[in-house]
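The values are calculated or read from the model by the stated rules, or taken from the named source; none is laboratory data. This one's a predicted model, so the numbers in the text were calculated from it and none came from an experiment. In this analysis, Cβ positions are derived from the backbone assuming ideal geometry, glycine residues included, and neighbour counts consider all displayed protein chains.
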Amino acid sequence: MQTLKVGIIGTGDIAPAYLRGCAPFREVAIVACADILADKARAFAASWGIEALTVDGLLARPDIAIVINATVPAAHAAVSAQILAAGKHAYSEKPLAQNRAEARPLLQAAAAAGLRLGCAPDAFLGGGNQTARQALDAGRIGEPVAATAFLMSRGPESWHPNPDIFYQRGGGPLLDMGPYFLTSLVHLLGPVARVSAAARRSFPQRIAGSAAHRGRAIAVEVNTHVAGTLEFVGGAIATLITSFDVWGHHLPALELHGSAGSLALEKPNMFTGAARLLPAGASEWQALPFSHSIEMGRGAGVAEMALALQRGRPQRASGELAFHVLDVMQALEESAAAGRHIAVESRVERPQPLPAGLAAGALE
Ligand SMILES: NC(=O)c1ccc[n+]([C@@H]2O[C@H](COP(=O)([O-])OP(=O)(O)OC[C@H]3O[C@@H](n4cnc5c(N)ncnc54)[C@H](O)[C@@H]3O)[C@@H](O)[C@H]2O)c1
């Protein structure tokens with residue numbers, strides 16, 4: 001198996017997580033970066049010992065096979081399209097694009113060129129999500145009937161160095177955090193058939209808190225509280241709330257309820273969150289021992305894509321999975337606006353579980 005060279009476009013807040021997260025995997029090596037702000041790319045390159053290039057320069061490099069798109073959500077579709085047009089495999093940060101219309105051409109371009117299109121989040125490859133998947137597939141909660149997923153906070157503007165993106169088109173709690181919870185739900189329960197939702201934009205402006213922007217008002221262009229119901233093709237019904245309007249709460253992150261028990265996932269958006277099981281009739285939840293490594297971080301999906309590419313099989317954090325999640329999110333927004341159920345047209349297979357018992361840094 002070859003180590004594929006990787007470039008990263010967008011050297012902002014999340015970029016270091018890719019350098020750290022890809023490092024344990026021999027499938028990939030990040031060798032270069034680029035940013036629309038050349039100075040930022042140079043400083044990043046210097047701190048990680050990689051090469052700084054222009055976006056065009058990076059895309060012209062014949063030795064780079066995969067390019068990670070870690071730009072802002074509004075630029076995802078255009079940058080991924082550029083990556084694919086340059087003949088490189090693309091791996092995008094979430095969401096895949098701002099909407100279906102932007103995302104569809106990416107899937108088509110990748111398929112036409114025989115290139116891979118992958119997308120974050122990849123936390124479903126982590127120990128918590130995989131342990132929950134194993135328990136579910138082993139029938140430990142029986143037939144799933146319901147799920148709940150709650151991601152509620154007062155928003156990231158208090159700390160994020162570039163807080164505007166969370167309140168512009170392509171942002172908001174649903175498009176920003178929804179991909180984690182929805183990807184975990186689809187990984188566990190399969191595709192969604194139909195949704196309904198209510199949404200609101202509670203505050204017309206938000207006040208930034210990070211050093212460079214402290215006190216500055218941010219205009220809000222997106223819904224900041226979205227409460228939805230998802231009906232899965234398999235029959236389970238999930239309640240999902242994503243919010244940047246909530247000071248505090250006591251609701252669990254993600255739970256599945258089945259005919260023979262309940263399963264809770266502490267942090268579906270992390271690689272490390274533990275899974276717990278309550279068998280039917282029991283009064284105490286039991287912590288499930290991790291069936292999979294938690295020594296993994298953001299970027300595992302890139303390494304897994306590189307491996308899948310060389311093995312000639314589908315990758316797990318795929319463009320198709322991300323498109324379905326985007327389709328569900330757009331349908332939720334459409335439902336809230338129209339005041340009726342919206343059918344979700346796309347379908348996707350559950351990604352294959354990772355084999356249990358892999359050593360840290362191993363994917364097969
Ligand atoms: N920050 C986090 O905690 C976090 C966590 C998970 C995922 N993400 C995702 O990662 C992505 C980036 O978020 P971030 O927090 O790093 O944002 P950021 O604003 O800190 O960084 C984005 C970088 O992309 C660059 N950029 C923007 N448009 C570009 C273009 N067209 N070409 C080249 N470079 C361009 C910007 O100059 C900036 O350096 C988003 O999709 C976000 O949802 C962020």
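The sole residue among 45, 29 that is of a type outside the set (Lys, Arg), more than 11 Å from the ligand (Cβ to nearest atom) and either part of a helix (DSSP H, G or I) or more than 23 Å from the chain's Cα centre (by Cα) (or both) is 45. The condition of being more than 16 Å from the ligand (Cβ to nearest atom), part of a helix (DSSP H, G or I), within 25 Å of residue 339 (Cα to Cα) and touching a residue at least 24 places away in the same chain (Cβ under 8 Å) holds for residue 185. When you scan the range 308-323, do you find a residue that is within 18 Å of the chain's Cα centre (by Cα) and of a type in the set (S, T, N, Q), even just one? So far as the range 308-323 goes, yes, one or more of its residues are within 18 Å of the chain's Cα centre (by Cα) and of a type in the set (S, T, N, Q).
Yes or no: residue 212 at pLDDT 95 or above and more than 17 Å from residue 182 (Cβ to Cβ)? Break it down into steps so the answer makes sense when it comes.
On the way: at pLDDT 95 or above: no; more than 17 Å from residue 182 (Cβ to Cβ): yes.
Judged against the criteria, residue 212 is not a match.
Looking at (1) of a type outside the set (Val, Ile, Thr); (2) in contact with an Asp or Glu (Cβ under 9 Å, 6 or more places away or on another chain); (3) free of Cβ contacts under 8 Å to residues at least 60 places away in the same chain, which is the only condition residue 262 fails? Against the list (1) of a type outside the set (Val, Ile, Thr); (2) in contact with an Asp or Glu (Cβ under 9 Å, 6 or more places away or on another chain); (3) free of Cβ contacts under 8 Å to residues at least 60 places away in the same chain, residue 262 comes up short only on (3). Of everything listed in (1) crowded, with 21+ Cβ neighbours inside 10 Å; (2) within 15 Å of the ligand (Cβ to nearest atom), the single unmet condition for residue 6 is (2).
Within the range 9-20, restricting attention to residues that are within 11 Å of the ligand (Cβ to nearest atom) and buried (at least 18 other Cβ atoms within 10 Å of the Cβ), the residue that is nearest to residue 310 (Cα to Cα) is 18. Inspect all residues belonging to the range 193-209 and state whether any of them is touching a residue at least 40 places away in the same chain (Cβ under 8 Å) and touching a Pro at 6+ places or on another chain (Cβ under 6 Å). There is at least one residue in the range 193-209 that is touching a residue at least 40 places away in the same chain (Cβ under 8 Å) and touching a Pro at 6+ places or on another chain (Cβ under 6 Å).
Does residue 232 qualify as being crowded, with 17+ Cβ neighbours inside 10 Å, under 23 Å from residue 259 (Cα atoms) and within 20 Å of the chain's Cα centre (by Cα)? Let's see the steps before the verdict.
Details: crowded, with 17+ Cβ neighbours inside 10 Å: yes; under 23 Å from residue 259 (Cα atoms): yes; within 20 Å of the chain's Cα centre (by Cα): yes.
Taking the combined requirement at face value, the residue satisfies it.
Picking from 125, 59, which residue would you name as being under 22 Å from residue 184 (Cβ atoms) and in contact with a Lys or Arg (Cβ under 9 Å, 6 or more places away or on another chain)? Answer to the check: 125.
The lone criterion from (1) of a type outside the set (S, T, N, Q); (2) closer than 16 Å to residue 230 by Cβ; (3) modelled with pLDDT under 95 left unmet by residue 356 is number (2). Of all the criteria given as (1) free of Cβ contacts under 8 Å to residues at least 24 places away in the same chain; (2) not assigned by TED's automatic domain parsing to the domain that holds residue 29, the one not satisfied by residue 145 is (1). Taking the range 289-302 as the range and being aliphatic (A, V, I, L, M) and crowded, with 19+ Cβ neighbours inside 10 Å as the test, the residues that pass are 296, 300, 302.
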